[in-house]
Amino acid sequence: MNYVLPTVEWPTVMPVLIVVVTGILAVFIEMLWPKRNNNVIVGLGLVGLGLAGSSVLKQFGAPDGVTFGDMVVRDQVGLVMQLLLVGICFVAFLFSEGYLREKQIPFAEFYPLALWATAGGMLMVTTTNTLELFLGLEVLSIALYCLAGMSRQESKSEESALKYFLLGAFASAVFLMGIAYLFGATGSLDLNAITSVWPATTPMHHTLILFGVGMTLAGLGFKAALVPFHQWTPDVYQGAPTNVTGFMAAASKVAAFGALLRVLMAAAPLQEFWFPAMFWICILTMTVGNLAAVVQKDVKRILGYSSIANAGYILVAVLSHVKSPDKVGLGSTFYYLLAYSMMTLGAFAVVSLSAKGGKEGTRLQDIHGLWSRAPFAVVCLVVFVASLIGIPPSAGFVGKLFIFNDALAAGLTPLAIVLAVNSVISVYYYLGILQAAFVSEEGAVRNQSAKPGIGLNIAVLVCAFGVFWASFNATWVQKTATGTSVSQAQTVSTTTSPDRMGPSNPE
Amino acid sequence: MLGDFMPILVLVCLAALICGVMVVGSYVLGPKKVTPYKSSPYECGVMPLGTATERFPIKFYLVAILFVLFDIEVVFLWSWLTIFKDAPTDFQVFSGVDVAVYLGLWIVGYLYIIKIGALDWDEATSLAPEKLEASATVAVPAQASNQEALA
């Protein structure tokens, strides 16, 4: 038998390991002391995430490479996305416990599941192996299906979980079929095989590869909520418990874009085929997301549609990079993902205040009078909304500016124009949220909200501070995230190891 | 390349054709004498009783899904064992450690299932009232009020 033992570089896989083991420890704590509150588990989770974050940070500046038999990649994309995912989970943990208690669903299982979802996302963004990608996607998704249905008494939550599960399983199947096509055509499970095999193969293989890339993109498009695959987003976001929605909106988008980025960069040689499709998907995502958000009456649905629109903005940055990797780096993609995560997670954290005594209302009139009950949180909400709209000086504004410039530099002027127009449309519904929070309580149907706990205050403070900090240190953030000297184009070529299998030769 | 898949395509077409001919043929040629008894749902020859949309305990689903999970685990072990016996020693050690970790994770899951009573038929898992308390020690009156709120 001809088997070479894979080399294992532990520091590279350490962040994922730490997150997974923290989740397992949390389960043990729950098993040993089921009749305690979750404070210990929250503390353990935060410590674990902090350790994982620091072990990611330590690797910044380390040379790119692959380990675990080419299954795990270390490069800037992976490191930045991992750090984002860990940060998202950390902030979500900060405000979750208070919300879950108010909603009377403080099941300790939330914490391990969220940790494992994070680990799944971290696997997704640090690999070019399609099977590993699928594995990460499933670990992330299945944990999220369970979390979405966590509020078992609410039919809306059950609907959300079931809908997410059925559609997600379908999308996963499409994704898996795409992998099968790619494997059939390239003879390798590695994404980079597309790049190497494409020029040397026959039109028949080209068809198979195109099918494969198309289906893979569809599967990831579902996760990232790009427009033809976005139908689940508002319903799931509305039904899931608000802390889960915040986590899901940020984490699954970061993970999906990490994977999407790798697929698109690997498929760059055949972009004449998929680029027009992605171009229109991008325009549709921005436009449909924003137009549909305008007529919504529920805060979580508005934010759900806003996350669709934001996926469109991020896609502009990704497409600009793939179109002309020499002129446009990945800085804006990273930057906007960071900004998006902070403002969305922060906004959902504030919205989570509308739960009290086991009940929750998230319609616009339900958050009437929030200003008088939780002034600090609402001030932070103003920051998040300003950033989502794109008012300077906020990270949302700087991010959109970067993406706008990228699109112009890459010669994608139509996308830049659509982005600008959509930013203007979005002002209307974002201001609607703010207005609802400031309106006095008279006439509110269910004017109740929880007292913000210390965890929530810290969470929104971190997010709001981050929004300003990132806007004032934009260049530094970009430079650190992309690595000072290594451009992304080089990264990909170095991670393509020479001993990949060549094109398959079906006789 | 298409030649490789041609037999499968022919098989698919043939299967569809034969099934189609059978179904359409029996529909077109068969005599149709509808009686209320014949058009009622087939229940092994017994007259159907009650409604078809009866509710049954969700426990079945839980047990079924747990069975599938542990079943799949054995499938993975099977494929590992088939190459394990003839493999060189370093592979046996390496993959042995891998599988030990893998099985360890399953054991954690199994302990968890037993601990929360997922396999106890009568047990309904519900939230422990202590979870709602801000501090680890539980005051009795607060517990009572919380149970009331949960009920």
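From A:218, A:185, A:169, grab the single residue that is within 14 Å of another protein chain (Cβ to nearest Cβ) and either within 24 Å of residue A:272 (Cβ to Cβ) or not in a helix (DSSP H, G or I) (or both). Can you show your working first?
Working: A:218 fails: within 14 Å of another protein chain (Cβ to nearest Cβ); A:169 fails: either within 24 Å of residue A:272 (Cβ to Cβ) or not in a helix (DSSP H, G or I) (or both).
Residue meeting the stated conditions: A:185.
Quick one: in the range A:370-401, which of the residues that are assigned to a loop (DSSP other than H, G, I, E, B) and out of contact with any Ser or Thr (no Cβ under 6 Å at 6 or more places or on another chain) is modelled with the highest pLDDT?
The selected residue is A:391.
Is it the case that the range B:83-91 has a residue that's polar (S, T, N, Q) and either part of a loop (DSSP other than H, G, I, E, B) or within 27 Å of residue A:34 (Cα to Cα) (or both)?
Scanning the range B:83-91 turns up no residue that is polar (S, T, N, Q) and either part of a loop (DSSP other than H, G, I, E, B) or within 27 Å of residue A:34 (Cα to Cα) (or both).
Can you pull out every residue in the range A:341-369 that is under 16 Å from residue A:100 (Cβ atoms), assigned to a helix (DSSP H, G or I) and either within 14 Å of chain B (Cβ to nearest Cβ) or among the hydroxyl-bearing types (Ser, Thr, Tyr) (or both)?
Selection gives A:352, A:354.
For the range A:147-159, which positions are assigned to a helix (DSSP H, G or I) and either buried (at least 20 other Cβ atoms within 10 Å of the Cβ) or among the charged types (D, E, K, R) (or both)?
A:147, A:148, A:156, A:157, A:158, A:159 - these are the residues of the range A:147-159 that are assigned to a helix (DSSP H, G or I) and either buried (at least 20 other Cβ atoms within 10 Å of the Cβ) or among the charged types (D, E, K, R) (or both).
Do you know which residues across the range A:160-188 are hydroxyl-bearing (Ser, Thr, Tyr) and surrounded by 21 or more Cβ atoms within 10 Å (Cβ to Cβ)?
A:160, A:164, A:186, A:188
Take the residues in the range B:105-131 that are more than 9 Å from chain A (Cβ to nearest Cβ), of a type outside the set (A, V, I, L, M) and in a helix (DSSP H, G or I), then tell me which one is surrounded by the fewest Cβ atoms within 10 Å (Cβ to Cβ).
B:106
Please list, ordered by first then second residue, the pairs with beta carbon atoms under 8 Å, 6 or more apart or interchain, first in the range A:330-350 and more than 14 Å from residue A:244 (Cα to Cα) and modelled with pLDDT under 95, second acidic (Asp, Glu) and surrounded by 24 or more Cβ atoms within 10 Å (Cβ to Cβ).
What qualifies is A:332/A:406.
Here is a list: A:43, A:69, A:78. Which entry is within 14 Å of chain B (Cβ to nearest Cβ), on the phi < 0 side of the Ramachandran plot and small (Gly, Ala, Ser)?
A:43
Being in a helix (DSSP H, G or I) and within 14 Å of chain B (Cβ to nearest Cβ) is the filter here; which residues of the range A:100-119 pass it?
Once the filter is applied, which keeps residues that are in a helix (DSSP H, G or I) and within 14 Å of chain B (Cβ to nearest Cβ), the range A:100-119 yields A:100, A:101, A:102, A:110, A:111, A:112, A:113, A:115, A:116, A:119.
Please verify whether residue A:97 is charged (D, E, K, R), in a helix (DSSP H, G or I) and within 30 Å of residue A:335 (Cα to Cα), treating the condition exactly as stated. Give the derivation first.
Details: charged (D, E, K, R): yes; in a helix (DSSP H, G or I): yes; within 30 Å of residue A:335 (Cα to Cα): yes.
Here the answer is yes, as residue A:97 does meet what is asked.
Within the range A:7-37, can you find the residues that are in a loop (DSSP other than H, G, I, E, B), surrounded by fewer than 19 Cβ atoms within 10 Å (Cβ to Cβ) and at the interface with chain B (Cβ under 8 Å from one of its Cβ atoms)?
The answer is A:34, A:35.
Let me confirm something: among A:412, A:419, which residue is surrounded by 20 or more Cβ atoms within 10 Å (Cβ to Cβ), modelled with pLDDT of 85 or more and either over 30 Å from residue A:381 (Cβ atoms) or aromatic (Phe, Trp, Tyr) (or both)?
A:412
Examine the range A:49-60 for a residue that is within 14 Å of another protein chain (Cβ to nearest Cβ), part of a helix (DSSP H, G or I), hydrophobic (A, V, I, L, M, F, W, C) and free of Cβ contacts under 8 Å to residues at least 60 places away in the same chain, and state whether such a residue exists.
no
The values are calculated or read from the model by the stated rules, or taken from the named source; none is laboratory data. No experiment lies behind these values; they were computed from the predicted model shown. We place every Cβ from the backbone using ideal geometry, glycine too, and count neighbours over all the protein chains shown.
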